[in-house]
């Protein structure tokens with residue numbers, strides 16, 4: 001049972017490594033008065049993390065039943 005999980009983790013790490021190698025170009029992000037210069041891969045991972053946090057913080061509509069029913 002541990003081998004499929006190990007292969008899944010290894011595959012995810014390989015895909016992540018390919019992603020990081022292919023997105024090393026630096027980009028400039030302007031936000032109001034701030035200017036950030038960072039690699040594209042870091043920017044994409046940061047945006048993904050912010051999206052996940054927002055998704056976890058917001059309540060899901062229609063996914064829970066009313067109390068008492």
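Since every read-out is calculated from the coordinates, none of them should be taken as a lab result. Only a predicted model underlies this, so the values are computations on that prediction, with no experimental measurement involved. Note that we place each Cβ from the backbone using ideal geometry, even for glycine, and neighbour counts take in every protein chain shown.
Key figures
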read-out	value
Kirkwood Rh, angstrom, the chain [1 / mean 1/r, Cα pairs]	15.7
Residue 43-residue 6 FRET efficiency (beta carbon distance; Förster radius 30 Å; 0.05 resolution)	0.50
Value of [θ]222 nm, deg cm²/dmol, for the chain, DSSP H segments ≥ 4, -39500 (n - 2.57) each, nearest 500	-19500 deg cm²/dmol
Ranked 61, 11, criterion: other C-beta atoms within 10 Å, fewest first	61, 11
